[in-house]
Number of protein chains: 2
Amino acid sequence: MGGRSTVTARVLDVLGAFTADTPQLTLTEISRRTALPLTTAHRLVGELAAWGALERADDGRYGVGLRLWEVGALAPRGLGLRDAAMPYLEDLHEVTRHNVQLAVLDDVEVVYVERLAARDAVSILTRAGSRMPLHATAVGLVLLAFADPDLQERVLAAPLRRFTPMTLCDPDEVRRMLGEVRRTGVAISDRQIELVSQSIGAPVRGPSGEVVAALSIVVPAEGNPHAYVPAVRTAARGIGRALARSN
Amino acid sequence: MGGRSTVTARVLDVLGAFTADTPQLTLTEISRRTALPLTTAHRLVGELAAWGALERADDGRYGVGLRLWEVGALAPRGLGLRDAAMPYLEDLHEVTRHNVQLAVLDDVEVVYVERLAARDAVSILTRAGSRMPLHATAVGLVLLAFADPDLQERVLAAPLRRFTPMTLCDPDEVRRMLGEVRRTGVAISDRQIELVSQSIGAPVRGPSGEVVAALSIVVPAEGNPHAYVPAVRTAARGIGRALARSN
DNA sequence: GGCATCCTTCCGCACAACGGAAGTGTGGTC
DNA sequence: GACCACACTTCCGTTGTGCGGAAGGATGCC
C-alpha cells in the first residue's frame, strides 16, 4: 500500500487484495481495497487475468488463478520443505488422527505451510497459507524461541494479542516460556488459542542445525500433552534428516 | 516474452522466469530469460522482493517468496479442491502405498494440484504445480475425455509428444481411447509415460455433474491395473461428495 | 595487474500508464 | 415503460513514471 506508487507496487497491491477470508472479489471491491481508481484496477486486473494470475469466475468475480498458484508452489520454503515433510506428517496424522501442522517463520508471524486435518474437523482456524502471531501457538513459540534475539524483543515489545484467558500476554511470562522451550526442545500451548485444544510443537532443524520450521499437533484440551511429545519430536527429526538428504 | 510491453506484463514475465527446474535464479539469468535489460530486471526484482513476492537467498540468487506462495494458495481450484480431496488421497495412499495424484485441466494441459509420493520415491516426474500434456497420462485422458469437444480436437490436431514406445501418438488411437474412458469412467495409461509404470485415473465430479478434476494412482508396470479401479473410483466419488458438501 | 562476471546507482528523455468522462448492460422499483 | 442504482467497459489527451545507457563497485580467477 501507500507511499510511492510504482506500477509494480500497484500490481502487487491487487494481488494482496485477495485474502483467505475473501478469495473472490468483484472488480469494484478490488478497486476499493487497493484504493485504485476503477479504471486502473480494471486494466491491471485484465492484464493479470490474461496471464493467468487471476481467473474470472462465472459470476464475474475474480479469484487467484492457477498460473499464480503454480509459481507460488515454487517457493523453496513452501515446496521443498513440504516435500520432505509430507511423509512424516502423514505418519503422525495416521497414528494420532489429530490435526498436524507444519509452519515457518516469516517476519514476525508464523506461516502455515501444510496442515493435515482430522477427517471430521469443523474448525478451520488455520489452513495452508494462513498466518498467526508468534506468542500463542506451539509452532510460534518454537520458532520464536530459536529465533534471532532481536526478533524476540521486537515481538515482545509489541502488544500480544489475547485469544483466550489462557493466552500468555505478558512479555515476561512469554520469555520464561521461551527459555523452557529452548531447554526442553518442545513447546506446549495449553488452550492459548482455543479453550478446547492444546498443541505440542517441536523444531525442525536444517543441515547446519538452525531451526528452519516447526511441527505441531493439535489435541483436545483434556488429553495429556506429554504423551505426544516423543512422536512429535521423532517426526520433526525425521523431517530434518529428509531435508538434509534432499539438499 | 511477447509483443506489447506493459509493466504488468514485465512483472509477470519475471515471475514466469521461475520454473520447477530452476526455482532459484541470479539476476543476470532473470534478465536473460525475460529479455529485459539488466537494469530493468534489477528494479523489478527489487520491488518484487520488497513486497515478498521474491526472496533473496544467501548466495544472492532469487527464489519465489512466501508471500506469493500465500496468495497462490488462495487459488480456488488449487485450495478448495485440495482441502476436499486430501483425506481421500491419504486413504488411497495409505492403503496402496503408491503415488497418488490429483490434477485439473488448464488450457491444453494437466496441472497437478497434489501428489502424495511413495516414501522412497526417487522419480519426481510430477510434483504439485507441474504440467503434463493431456494425451499420455491417466489424469490427462480423463480430463480430455470429458472436456469440451472443441478442446479435444484442438489437442488432437497438434503433434502428440512421445514419451515411450507405448505412448499413443496417433489422434485416432487417442480418440478411441477417449471413447473407452467415457464408457468405463476410468482411464488406464499403460507405460505411456515411463516404461516401468502404469497409472489408473478416474474423474472427480462437481455438484452439477461436470468433471472438475481427475484422480490417479501410479503403480508398477507388472501389476494388474484393474485391481485398483474400485479404490480409485471410490476415492474420486468421495472427493466429489466432499466438494459438494463444502459448496 | 588485468580481465571477466555479476550486481548496483544515477539521471534525462520518451512513451506508456493514468484516470476522468462517457457508454454499455443488468436488475430492481414504482 | 420510465427511472434509478450498480458494476463494468471503452476511449483518449496529458503527464509523470518507468526506461535503459553509461558509469561505478564488488568479487574472483589467471
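Does B:Asp58 satisfy the condition of being within 24 Å of B:Ala242 (Cα to Cα) and either out of contact with any Ser or Thr (no Cβ under 9 Å at 6 or more places or on another chain) or in the same structural domain as B:Ala136 (by TED's automatic domain parsing) (or both)?
Numbers: within 24 Å of B:Ala242 (Cα to Cα): no; either out of contact with any Ser or Thr (no Cβ under 9 Å at 6 or more places or on another chain) or in the same structural domain as B:Ala136 (by TED's automatic domain parsing) (or both): yes.
Criteria not met by B:Asp58.
Please specify each residue of region A:195-209 satisfying the condition of being touching a residue at least 12 places away in the same chain (Cβ under 8 Å) and surrounded by fewer than 16 Cβ atoms within 10 Å (Cβ to Cβ).
Matches in region A:195-209: A:Leu195, A:Val196, A:Gly206, A:Pro207.
For A:Tyr88, only one of the following conditions fails: (1) touching a residue at least 60 places away in the same chain (Cβ under 8 Å); (2) aromatic (Phe, Trp, Tyr); (3) over 22 Å from B:Arg82 (Cβ atoms). What is its number?
Condition (3) is where A:Tyr88 drops out.
Quick check: is even one residue across region A:76-89 among the hydroxyl-bearing types (Ser, Thr, Tyr), in the same structural domain as A:Tyr112 (by TED's automatic domain parsing) and at pLDDT 90 or above? Give the steps one after another, and end with the answer.
Within region A:76-89, the first condition is being among the hydroxyl-bearing types (Ser, Thr, Tyr), and the residues that meet it are A:88.
So of that shortlist, the ones also in the same structural domain as A:Tyr112 (by TED's automatic domain parsing) come out as A:88.
Then keep just the ones that are at pLDDT 90 or above; that gives A:88.
Yes, the conditions are met somewhere in region A:76-89.
Taking B:Thr26 and the conditions (1) within 12 Å of DNA strand C (Cβ to nearest atom); (2) touching a residue at least 40 places away in the same chain (Cβ under 8 Å), which numbered condition does it fall short on, given that it satisfies the others?
(2)
Only one residue in A:Gly52, A:Gly16 is at positive phi, more than 12 Å from DNA strand D (Cβ to nearest atom) and not acidic (Asp, Glu), so which one is that?
The match here is A:Gly52.
Out of B:Leu38, B:Leu79, report the one residue that is surrounded by 16 or more Cβ atoms within 10 Å (Cβ to Cβ) and either more than 14 Å from DNA strand D (Cβ to nearest atom) or over 27 Å from the mean Cα position of the chain (by Cα) (or both).
B:Leu79
I'd like the full set of residues that are within 12 Å of DNA strand D (Cβ to nearest atom) and closer than 19 Å to A:Ser130 by Cβ, limited to region A:19-32.
Answer for region A:19-32, where residues must be within 12 Å of DNA strand D (Cβ to nearest atom) and closer than 19 Å to A:Ser130 by Cβ: A:Gln24, A:Leu25.
Just the residues that are farther than 22 Å from B:Arg131 by Cβ and either within 9 Å of DNA strand D (Cβ to nearest atom) or in contact with a Cys (Cβ under 6 Å, 6 or more places away or on another chain) (or both), please, taken from region A:55-74.
A:Asp59, A:Gly60, A:Arg61, A:Tyr62 - these are the residues of region A:55-74 that are farther than 22 Å from B:Arg131 by Cβ and either within 9 Å of DNA strand D (Cβ to nearest atom) or in contact with a Cys (Cβ under 6 Å, 6 or more places away or on another chain) (or both).
Please work out which one of (1) at positive phi; (2) within 16 Å of DNA strand D (Cβ to nearest atom); (3) not β-branched (Val, Ile, Thr) is the condition B:Gly46 fails and give its number.
All conditions are met except number (1).
Examine region A:161-184 for a residue that is assigned by TED's automatic domain parsing to the domain that holds A:Leu92, in contact with a strand residue (DSSP E or B) (Cβ under 9 Å, 6 or more places away or on another chain), crowded, with 18+ Cβ neighbours inside 10 Å and assigned to a strand (DSSP E or B), and state whether such a residue exists.
no
Could you give every pair whose Cβ atoms fall below 8 Å, whose first residue belongs to region A:4-21 and is under 13 Å from B:Ala75 (Cα atoms) and hydroxyl-bearing (Ser, Thr, Tyr), and whose second residue is in a loop (DSSP other than H, G, I, E, B) and more than 10 Å from DNA strand C (Cβ to nearest atom), counting only separations of at least 6 or pairs across chains?
A:Thr19/B:Leu74
Six or more apart or on different chains, Cβ atoms under 7 Å: show the pairs whose first residue is in region B:107-119 and closer than 14 Å to B:Ala213 by Cβ and more than 8 Å from chain A (Cβ to nearest Cβ) and whose second is small (Gly, Ala, Ser) and in a loop (DSSP other than H, G, I, E, B).
Within 7 Å, the pairs are B:Tyr112/B:Ala128; B:Tyr112/B:Gly129; B:Tyr112/B:Ser130; B:Val113/B:Ala128; B:Glu114/B:Ala128; B:Arg115/B:Ala128.
Quick check on my filter: what residues within region B:1-30 are more than 10 Å from chain A (Cβ to nearest Cβ), closer than 24 Å to A:Leu44 by Cβ and in a helix (DSSP H, G or I)?
Hit for region B:1-30 is B:Ile30, nothing else.
Return only the number of the condition from (1) within 11 Å of DNA strand C (Cβ to nearest atom); (2) farther than 23 Å from B:Gly52 by Cα that A:Asp13 does not satisfy.
Exception for A:Asp13: condition (2).
Listed here are the residues, each with its yes/no results for (1) β-branched (Val, Ile, Thr); (2) at pLDDT 95 or above.
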residue: A:Asp150; (1), (2): no, no
residue: A:Met177; (1), (2): no, yes
residue: A:Glu180; (1), (2): no, yes
residue: A:Thr184; (1), (2): yes, yes
residue: A:Gln198; (1), (2): no, no
residue: A:Val212; (1), (2): yes, no
residue: A:Asn224; (1), (2): no, no
residue: A:Arg233; (1), (2): no, yes
residue: A:Leu243; (1), (2): no, no
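Just to be sure before I move on: is B:Leu92 surrounded by 17 or more Cβ atoms within 10 Å (Cβ to Cβ), more than 9 Å from chain A (Cβ to nearest Cβ) and hydrophobic (A, V, I, L, M, F, W, C) in the structure I sent?
When the stated conditions are applied, B:Leu92 passes them.
Looking at region A:32-55, which of its residues are more than 30 Å from B:Leu105 (Cα to Cα) and either within 12 Å of DNA strand C (Cβ to nearest atom) or within 11 Å of chain B (Cβ to nearest Cβ) (or both)?
A:Thr34, A:Ala35, A:Leu36, A:Pro37, A:Leu38, A:Thr39, A:Thr40
Regarding region A:59-70, can at least one residue be identified that is out of contact with any Lys or Arg (no Cβ under 8 Å at 6 or more places or on another chain), more than 9 Å from chain B (Cβ to nearest Cβ) and within 14 Å of DNA strand C (Cβ to nearest atom)?
Within region A:59-70, one or more residues are out of contact with any Lys or Arg (no Cβ under 8 Å at 6 or more places or on another chain), more than 9 Å from chain B (Cβ to nearest Cβ) and within 14 Å of DNA strand C (Cβ to nearest atom).
Against the definition (touching a helix residue (DSSP H, G or I) at 6+ places or on another chain (Cβ under 7 Å) and within 13 Å of DNA strand D (Cβ to nearest atom)), how does B:Val7 come out, yes or no?
On the way: touching a helix residue (DSSP H, G or I) at 6+ places or on another chain (Cβ under 7 Å): yes; within 13 Å of DNA strand D (Cβ to nearest atom): yes.
Against the criterion (touching a helix residue (DSSP H, G or I) at 6+ places or on another chain (Cβ under 7 Å) and within 13 Å of DNA strand D (Cβ to nearest atom)), B:Val7 qualifies.
The values are calculated or read from the model by the stated rules, or taken from the named source; none is laboratory data. On a predicted model such as this, the values are computed, not experimentally measured, just so you know. Positions of Cβ are generated from backbone atoms using ideal geometry, with glycine treated the same way; all protein chains shown enter the neighbour counts.
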